[in-house]
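See structure below.
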Ligand SMILES: [Zn+2]
């Protein structure tokens, strides 16, 4: 499918992406999210089902599979 961004000649391709979302005052990371990603500009499209699933995961109280290091940009040097 042709990219929906104006003047971008790219095509979307099926990929898996990672997203970090806020859950209250903490951040949770969700990986292996199926998405359509433009091979030129990187625009990402999710299906409505995927967005629903992400929203459900954002509310989850289940323990995470693992935890990850978290850095602040301004302090990462
Ligand atoms: Zn594009």
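Of the listed requirements (1) surrounded by 11 or more Cβ atoms within 10 Å (Cβ to Cβ); (2) modelled with pLDDT of 95 or more, residue 32 misses just one: (1). Take the conditions (1) closer than 25 Å to residue 67 by Cβ; (2) within 16 Å of the ligand (Cβ to nearest atom); residue 23 misses just one of them, which is (2). Among the conditions (1) in contact with a strand residue (DSSP E or B) (Cβ under 8 Å, 6 or more places away or on another chain); (2) within 16 Å of the ligand (Cβ to nearest atom), the only one that residue 7 does not satisfy is (1). For segment 30-77, a residue qualifies if it is assigned to a strand (DSSP E or B), within 16 Å of the ligand (Cβ to nearest atom) and in contact with a helix residue (DSSP H, G or I) (Cβ under 8 Å, 6 or more places away or on another chain), and exactly one does: 35.
The values are calculated or read from the model by the stated rules, or taken from the named source; none is laboratory data. Because the structure is a prediction, the values reported are computed rather than measured. Heads up, the Cβs are rebuilt from the backbone with ideal geometry, glycines too, and the neighbour counts pull from every protein chain shown.
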